[in-house]
Amino acid sequence: MKEYRYIGKSMSNDGAYGKVTGNTKYCTDLDAYGMLHMKCKAGEVTHGMVRSIDVEEASKLPGVRKIYTYENTPDTHFDRGRVSAYETFVPSQEKLFDRHIRFYGERVAAVVADTVEIAEKACRLIKVEYEELPAAISVEDALKEDAPRIHEEGNVRQAPAAGYGNYEEAVGECRFQTEAHIGRMTHLSMETQCARARYDRSNGKITIWGGFQTVFGVRSTVADFLEMPYSKVRVVKTTMGGSFGCKQEMVIEPLVAYAAKDLKADVKLVYTREEQIVNTMLKHSLDAKVESKVTKDGEVQGIKVDITLDSGAYQTISPSYTKTIGGKLGKVYRMNNIEFSGRCVCTNTPVNGSFRSWGSCEATMSVESHWNYVAKQLGIDPVEFRLKNVLAPQAREVMHGASVANVRFKDCLLQGRERFGWEERKEECRRKNQEQKRYRYGVGMALCSHTSSFYPYQTDVASAYARIQDDGSVIVHVPIHDHGCGTVMAMKKIVAEILEMDLEKVELNEADTENMPYDYGCYASRTVYTLGRAVKTCAEELLIKAKEVAGLKLGCTTSIVRYEDGEFYAETNPDTKITMKDVWEHAIHVLGRDLYNAATTNVTANPGTGAAHFTQVKVDTYTGQVEVEHCLSVHDIGKAINPDMCRGQVGSGIQQGIGMAICEEIKIDPRTGRTLITNFKNYEVANAFEMPDYDTLFIEEEELTGPFGAKGIGEVVIAPIAPALTAAVNDALGTNLMKLPLTPPVILDAIEKEEKR
Amino acid sequence: MIINFTLNGKPMTVDVPADRRLLDFIREDLHLTGTKEGCGEGECGACTVVLDGKAIHSCLTMVGQIDGCELLTIEGLEQNGELDAIQKAFIRKSAIQCGFCTAGMVMSAKALLMENPHPTEEEIKKAISGNICRCSGYREIKEAIKSVADGEEV
């Protein structure tokens, strides 16, 4: 294998110095003379109409600039999940403010004031009277024929039926049915939602800053809403304090930009943690019914999956999310018969939406829990069961008819099984369970994959533009939205590798609509695979241009120009060497041309990144506590450009997956619809003390279509954790639990039921 | 209220309402924005600073409480252009991702190492158990602190 300078080397994160010294500015740290501050007032009804809203007293408070409500803001809708200007959401339901309040805590007003304190005080002085309406808090209630209509168009959005083959006609001697559930979670990005919008009185332009996942999506949403030309709205991504999906929807940007334009001012809004939980989006709660037909020796003949997602009060991205889950069903196993149905249902509860993996967690929990159950019923080891059924590299996945490219499920399973010590641990659990009764030990595993691009759902285009500077260094313009996971570092490494120059000489800023080519944004784990390819192509073409100039300077044909360690020479005369600086000078000074290159690439594949997770748990039958004793995540990553950062990603996936499986849940009061957990006090999340020791393994079988062989990693890391952990708990207890989270009361209840049987 | 304290080694006297949150005082009055707010109720650790050698939540502390004390924020660790050993270790061990927890995490680690230069792995875990990091599984962070405790050189 080729030895690279930077690719595959652990070199820490880009911007690490700024972060470790406190110098890096996040959106919340931005301040300027005359900046105004916004605060929102939360509604206090679960479902109802605003009867009256009295802002008189609040308006009189010195320092209050303006108060916004449904009465003085546009009645037009905006789509919070829009990526491109040509996307229209059906149904489009959200406005800045609505007289119709659909969940407890929904914003009813916003105050812009000189300070945060004044804005907060004014919010408290606003008096709102409501006319209450009957509410539908659970999906079950919202699905009833006589359910309160949360939106005119109804509460339910049915996903288009999808599938392949004919499940009903599939032949398999054994039939199985399971049901799985995932609860609502909060992303828990350490930085809450924040946006700043500044109207420039000198030219009528608006600039918006925030930790966004899509600057162009924000721009089209806001500019359309404000009826401004896109060229007059500039959106700049600031350093992001984590997202995990919560920064990919436009929750506050239209409001902040509207106020900035209206007041011709500089306005900032920072959400509190409570607002972050209640007023952005949570992870959907999912109910899945899975049915399959399998031969006696474990060959899968077909699968039928029906899912219901709770959308919360507005559909937003839920119809798309629901559909995507169906699209993921053919990506891991050979299956000739798939039937998918799904729906998302509005309830009078906080909005659910985008979450890391966009459906892979849901598909994997539903299906992998099912296969673990099937394997157990058939008396087949779960690893062996999967080995019989997984797709081979380059196989065609039937839901889209596209290749899975170089996905290595078999390697993930075999290498993972060995490294984890699957057989030995199974035996160890059996032995420990025989020795004593209080603690039950078990092992479990799950397999999945996730995307590396949008292909073939939509054209996946990416562009980059690079300019050699006077001293031979390079500035690259590529709209990266780094979540903190190291994508800027990955791009810099790609450029430095191709141009054989010091990493220090490569400058690359994050996304900015004004001086960068278009990009959809950071979704689908596409950054390194899709944008990385554009950056690599751009750098390669730039080097060709530089070689042409070098040939003219050296007085030889381009074909014999060689480039090594930042120096050009003619192969026939290696003693005369010129640098990138010399080449730039020759280009500008002698030839009268600039040295830059722009490249646009279209990806024509969507390689799956395979992930297998193996875990061993200890369940305390007295307390119901589940402890992960050891676990291993295996990823078929193609090539880890930043191995250190990739391992960090795996760690976070394990942390969040454990949370999903055993402790994290945002509960809603089933009677009142109020969010019961609005802070970290009652939200159980694994800290450094509780986080188990874990192992990581990367299988680096290069993906030929990826830059240096790389594929996506950012999202797949979370998907297999919860079903593997669920399987381990079931192995320990002899249960078939699949409704998450498996909290101590759930475990104790299951043990009690098991004992009664 | 007039309060006297030492900010990152320099004596300061300020007139400030005693009940102002220390976090707001640091971020808004002193313009030291390295200290972050993650939850505002002492559960996430992003706002951790070191007061008289102890790691504290600046969101739960009032300015009046720092009268006569030594306050150390993330901005005070780098000395004469050289990073503190714990800062270097966080970079070396790739313990920084989104960075929003980093300042608080580093300050919790700093307080631990000031009191106990050679903590065990258990002591390290305990010292940062009040600091949430959502981008990692804490492994790189623990390794960074351990490397300083073990005297590992750059």
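The values are calculated or read from the model by the stated rules, or taken from the named source; none is laboratory data. From a predicted model like this one, the values you see are computed outputs, not experimental measurements. For neighbour counting, all protein chains shown are included, and Cβ atoms are generated from backbone atoms with ideal geometry for every residue, glycine included. Keep in mind that these areas ignore ligands, DNA and RNA; they rest on the heavy atoms of the full protein, side chains included. Shrake-Rupley method; radii C 1.70, N 1.55, O 1.52, S 1.80 Å.
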Round to a whole angstrom and tell me the spacing of the C-alpha centers of region A:367-437 and region B:27-47. 45 Å
Taking only protein heavy atoms into account and a 1.4 Å probe, give the accessible area per residue of region B:2-76 in Å². 41 Å²
In the neighborhood of residue A:514, defined by Cβ-to-Cβ distances under 14 Å, what is the net charge if each Lys or Arg adds +1 and each Asp or Glu adds -1? +2
Loop sites in region A:579-632: trypsin sites (Lys or Arg not before Pro), DSSP, at most 10 other Cβ within 10 Å: none
Once fully extended, how much extra length lies between residue A:672 and residue A:174, figured as 0.36 nm per residue of separation less the alpha-carbon to alpha-carbon distance? 174.9 nm
Pairs to check: B:10/B:125; A:505/A:547; A:232/A:536. Give those whose C-alpha atoms are more than 21 Å from each other in this structure. B:10/B:125; A:232/A:536
Probe 1.4 Å, all protein chains present, accessible-area order of A:560, A:137, largest first: A:560, A:137
With -39,500 (n - 2.57) per DSSP H segment of 4 or more residues and division by the full residue count of the protein assembly as shown, the 222 nm estimate, nearest 500 deg cm²/dmol, is -8000 deg cm²/dmol
Relative contact order computed over chain A (Cα-Cα under 8 Å; 6+ residues apart), in percent: 16 percent
With a 1.4 Å probe, how much accessible area is buried between chains B and A, both sides summed, in Å² to the nearest hundred? 3900 Å²
Accessible-area ranking of A:672, A:88, largest first, probe 1.4 Å: A:88, A:672
Quick one: pull the percent of accessible area on the protein assembly as shown belonging to carbon and sulfur, 1.4 Å probe, ligands and nucleic acids left out. 47 percent
Along region A:158-164, Karplus-curve 3J(HN,Hα) (6.51, -1.76, 1.60; θ = phi - 60°) to the nearest Hz, with x for Gly and Pro, reads 8, 6, x, 4, 9, x, 8
Partners for residue A:328 among aspartates and glutamates (Cα-Cα distance below 15 Å; same-chain residues under 8 apart left out): A:306, A:339, A:362, A:368, A:397, A:715
Choose one answer from B:81, B:38, B:130: the residue with the largest mean-square fluctuation in a GNM of chain B with alpha-carbon springs under 10 Å. B:81
Among the Cα-Cα pairs of region A:455-603, the proportion with separation greater than 22 Å, in percent, is 41 percent
Hey, can you find the accessible area per residue of region B:85-149 for me, probe 1.4 Å, expressed in square angstrom? 30 Å²
In region A:1-82, the trypsin sites (Lys or Arg not before Pro) that fall in loop regions by DSSP, at most 11 other Cβ within 10 Å: A:2
Suppose all protein chains stay in the model; what accessible area per residue would a 1.4 Å probe give for chain A, in Å²? 37 Å²
Mind grabbing the accessible area of residue A:285 for me, 1.4 Å probe, Å², rounded to tens? 20 Å²
HN-Hα J in Hz across region A:438-455 - Karplus 6.51, -1.76, 1.60, θ = phi - 60°, x for Gly and Pro: 4, 9, 10, 10, x, 10, x, 8, 8, 10, 6, 8, 9, 6, 10, 6, 8, 4
Cα gyration tensor of the protein assembly as shown - equivalent ellipsoid semi-axes, whole Å, descending: 39, 38, 31
Among the DSSP beta bridges whose two residues both lie in the protein assembly as shown, what percent are antiparallel, rounded to the nearest 5? 80 percent
Below 13 angstrom from the Cβ of residue A:322, what's the summed charge of the other residues (Lys, Arg +1; Asp, Glu -1)? 0
Quick check: the angle from helix B:102-115's long axis to the longest principal axis of chain B, C-alpha only, nearest 10 degrees? 90 degrees
Please go through the residue pairs A:19/A:205; A:39/A:264; A:283/B:36 and name each one whose alpha carbons sit more than 27 Å apart in this structure. A:19/A:205
Highest mean first, what order results for A:251-258, A:226-233 on Cβ atoms within 10 Å? A:251-258, A:226-233
Tell me which DSSP H helices of chain A clear both cut-offs, 24 Å or more of axial length from alpha-carbon atoms and a mean Kyte-Doolittle hydropathy of at least 1.6. none
